[in-house]
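**Student:** Here it is: the structure, laid out below.
The values are calculated or read from the model by the stated rules, or taken from the named source; none is laboratory data. Everything numeric here is computed off the predicted structure, so don't read it as measured data. Here the Cβ positions follow ideal geometry from the backbone for every residue, glycine too, while neighbour counts run over all protein chains shown.
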Amino acid sequence: MSGAGGAPTPTAGAKAAPDPALLADLHARCFTTPRPWSAEEIAGLLGTPGVFLKGDATGFVMGRVILDESELLTLAVDPDLRGQGRGRALLRGFVEASSARGATRAFLEVAADNIVALSLYEGDGWQRTGLRRGYYRPHATGTPPPGAPGTAARGAPIDAVVMARAL
C-alpha cells in the first residue's frame, strides 16, 4: 500500500507483524549506533504489553504506550528507499497509533549526529528537551552502511538528543 508520493501507508494494527528476522535485517542496514537490534530482541519487544509496530520490512516504526505517554522506540527505512516520504509516513502512523491508544505526549531519543532524523522529527513538531551525554556506544563490529548515523565519531560515544511533542 502506498500513500501520497509513493510513501507506504503504515500497516493497520490488526495485521500480522512482519517476520522479526526481516525487521532485524533492515535495522542492521540502517544503524550502527545505536547497535542494531536482533530478531530475538525485536520479537521480545513485540511481545511486550503496550508495544506496537507500523510498517513492513522496507520501513517500520516501533512504539510503546504506557498510560498517557508514548515512546518512539525505533524508526527504520530501507536506505535504498529513503527520500520518498516513507519516514514521514511512518512517523505519522506512530503519532496516530499512539493517540488511538490514549497517549497525549510522546518522546524519543535520537543520536545527536543523525541529522536526517533530527530534521524529520523537528519538522513534525518535536522539541528538543534534553541531552544524554555519551548515551550511545558505537557498534564495534561490521562495516557501517554508507551514510549510517554514528559513522562520524566512530569509536567515541555519541550523545542522545531527547525530544518530545504533544499528541
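**Student:** Taking region 30-54 as the region of interest, how many residues are modelled with pLDDT of 95 or more and closer than 21 Å to Arg88 by Cβ?
**Tutor:** Number satisfying all stated conditions: 3.
**Student:** Shifting gears a bit: Need the failing condition index for Ala89 against (1) crowded, with 17+ Cβ neighbours inside 10 Å; (2) without any contact (Cβ under 8 Å) to a residue 60 or more places away in the chain, just the number.
**Tutor:** Among (1) crowded, with 17+ Cβ neighbours inside 10 Å; (2) without any contact (Cβ under 8 Å) to a residue 60 or more places away in the chain, Ala89 violates only (2).
**Student:** Residue pairs, Cβ under 8 Å, 6 or more apart or interchain, first in region 18-31 and without any contact (Cβ under 8 Å) to a residue 24 or more places away in the chain, second in a helix (DSSP H, G or I) and crowded, with 20+ Cβ neighbours inside 10 Å. List them.
**Tutor:** Ala24/Ile42
**Student:** Which members of region 92-124 meet the condition of being surrounded by 15 or more Cβ atoms within 10 Å (Cβ to Cβ) and farther than 17 Å from Phe52 by Cβ?
**Tutor:** Those that are surrounded by 15 or more Cβ atoms within 10 Å (Cβ to Cβ) and farther than 17 Å from Phe52 by Cβ: Glu109, Val110, Ala111, Ala112, Asp113, Asn114, Ala117, Leu118, Leu120, Tyr121, Asp124.
**Student:** Can you tell me how many residues within region 23-50 are among the β-branched types (Val, Ile, Thr) and surrounded by fewer than 18 Cβ atoms within 10 Å (Cβ to Cβ)?
**Tutor:** Of all residues in region 23-50, those among the β-branched types (Val, Ile, Thr) come to 32-33, 42, 48.
Going one step further and asking which of them are surrounded by fewer than 18 Cβ atoms within 10 Å (Cβ to Cβ), we end up with 48.
Here the count works out to 1.
**Student:** Which of the strands (runs of 3 or more DSSP E) contained wholly in region 68-152 include at least 2 residues that are modelled with pLDDT under 95, more than 13 Å from the chain's Cα centre (by Cα) and among the hydroxyl-bearing types (Ser, Thr, Tyr)?
**Tutor:** The strands (runs of 3 or more DSSP E) meeting that bar are 127-136.
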